[in-house]
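Okay, structure first, notes after.
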Amino acid sequence: MWFSVAKEKMTPDWPVLLGGFLSRTERHTGVFSDIYVKTLFLDDGSEQVLFVVLDLCMIDNIFVARIKNRIIKKYGLVEANILIHTTHIHSGPLTHMTHRISEYKRADTQKWMEHLEAKIMACVDKCMSSKEPGSIEIGNGETYIGVNRRVVTKSGVIFGANYQAPIDRNLFVLKILNQDSKIKVILFNCACHPVEMGSSLLLSSDYPGMACNEIEKKIPGSIAIFMQGACGEINNAITARDSKHDTGVIESKNTIVIGRVLANDVFNVIQRKMKKIKLSIRCKLDVLELPLGENKIESIRELLESTMVNIRNYATWMIDRYESGLIESGCRLYAGLIRLSDDVNLAVLEGEVCNGIGVNIKKVLLGNNTMVLGYSNGYIGYIPTSEIVRQGGYEARSLWMLFGYTAEFSEDIEKTILEYYRRI
């Protein structure tokens, strides 16, 4: 096999708006830790795949298509063999160009997006300029940095720390060595929201960046790449106290602690004997039509009475779309599969895939040698389990509250996704 890897710092040197929390309206005031684009290219001799990993909260599929088209035109890859993924940090620049962004935000964000595109292509060019022979090893462990944040009460679902709810604690680690047996790449995957910086105005790569920094310090000459899992309802566990999850308060010291804990968990896997695999790449990317449930237009009309102007504007936009007949009966989702060998799979989906769906995809694809990657090739909001749809709460409501639909997902959503992965 052949590989190449690169990283490029993309921290802006001017104040930008931050994504992740709608409550923030001011530009960032400082940098807690730099953010990067990282690229990894793999070639098995007949098939190739390129990973582009961004320290950002989310990017929409229009921007993804633009970047992929540039890469395809320049390097001859095909769409399914390019994965553009975000780590879902909540303390990076705002990137999601939706109707909810006011004109001043749109102009501000456009400057950042042009900077981002240039940095991505510079990193891709660096990665594609040279490749070397190597080998791949994989291993599995566990991490306890996350906790289920949904607490079901008599009055509804609230944010909290639900220690009783089962979650996927699998930590998948992939190691690439060069011909001299030196570790050049550590790619690792688990599921946990990076929200530790809260609504701070400091720009940060949050715990994923901290973990990568720790790994690269301990393995000089390597590049560490974190890829986010099915973390829809999973938040950081370290700051959970008295059934409350302190995601609204900056706890920068905990960002460092969580990063170090995760890095240590990765080292525990590396220090054990890992399994060598023969690279054999196969890629598939499709568009699924996810079913929607009961129409929520009357609830949207109630938002016209909100005291917040952005919510009233959103409700007006939604009602105009509904009355013009522009509302769709289903929701389109990019989903696919990247096989690195007969038993190593990457299930890739747009949006915030909830943990239960990730667990069930792994069961369908047979085992812990599957990475379930949300936030891939675009963003459409939360992808809830059937149980979450029944229970309600933020993850169930976000589709119609934030992303231009007048309904929540149907309970059949999970069945639709799992049937897709059974077929492929």
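The values are calculated or read from the model by the stated rules, or taken from the named source; none is laboratory data. No experiment lies behind these values; they were computed from the predicted model shown. Note that we place each Cβ from the backbone using ideal geometry, even for glycine, and neighbour counts take in every protein chain shown.
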Tell me which residues, restricted to the stretch 59-92, are under 26 Å from Thr29 (Cβ atoms) and modelled with pLDDT of 95 or more.
-> Thr86, Thr87, His88, Ile89
Go through the residues of the stretch 290-298 one by one and say whether even a single one is at pLDDT 95 or above and surrounded by 18 or more Cβ atoms within 10 Å (Cβ to Cβ).
-> no
Scope the stretch 62-88; condition out of contact with any helix residue (DSSP H, G or I) (no Cβ under 9 Å at 6 or more places or on another chain) and farther than 22 Å from Ala191 by Cα; matching residues = Ile62, Val64, Lys73, Gly76, Ala80, Asn81
Any idea how many residues of the stretch 277-311 are without any contact (Cβ under 8 Å) to a residue 40 or more places away in the chain and either in a loop (DSSP other than H, G, I, E, B) or hydroxyl-bearing (Ser, Thr, Tyr) (or both)?
-> 3
Hey, can you tell me all the residues within the stretch 2-47 that are among the aliphatic types (A, V, I, L, M) and either farther than 30 Å from Ile176 by Cα or modelled with pLDDT under 95 (or both)?
-> Val16, Leu17, Leu18, Leu22, Val31
Of the residues in the stretch 135-156, those that are within 23 Å of Lys175 (Cβ to Cβ) and of a type in the set (Ser, Thr, Tyr) come to Ser135, Thr143, Tyr144
Residue among Gly374, Gly367, Gly356 that alone is within 15 Å of the chain's Cα centre (by Cα) and either free of Cβ contacts under 8 Å to residues at least 60 places away in the same chain or crowded, with 21+ Cβ neighbours inside 10 Å (or both) = Gly374
Report yes if Val16 is crowded, with 22+ Cβ neighbours inside 10 Å and in contact with a helix residue (DSSP H, G or I) (Cβ under 8 Å, 6 or more places away or on another chain), otherwise no.
-> no
Filter the stretch 370-410 down to residues that are at pLDDT below 95 and of a type in the set (Asp, Glu), then give me how many there are.
-> 2
List every residue pair whose Cβ atoms lie under 7 Å apart, where the two residues are 6 or more positions apart in sequence or sit on different chains, the first residue falls within the stretch 119-144 and is in contact (Cβ under 8 Å) with a residue 40 or more places away in the chain, and the second residue, located anywhere, is part of a helix (DSSP H, G or I) and among the polar types (S, T, N, Q).
-> Gly141/Asn268
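Each row is one residue, and each column tells you yes or no for (1) assigned to a loop (DSSP other than H, G, I, E, B); (2) of a type in the set (D, E, K, R); (3) in the same structural domain as Ile270 (by TED's automatic domain parsing).
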position	(1), (2), (3)
Val157	no, no, yes
Ala165	yes, no, yes
Leu174	no, no, yes
Tyr207	no, no, no
Look through Arg390, Arg397, Arg339, Arg332 and report the one residue that is among the charged types (D, E, K, R), surrounded by fewer than 23 Cβ atoms within 10 Å (Cβ to Cβ) and in contact with a Lys or Arg (Cβ under 6 Å, 6 or more places away or on another chain).
-> Arg339
Top-ranked residue of the stretch 218-263 - restricted to ones that are among the hydroxyl-bearing types (Ser, Thr, Tyr) and assigned to a helix (DSSP H, G or I), ranked as modelled with the lowest pLDDT | Ser252
Residues in the stretch 24-68 that are within 21 Å of the chain's Cα centre (by Cα) and of a type outside the set (A, V, I, L, M, F, W, C): how many?
-> 11
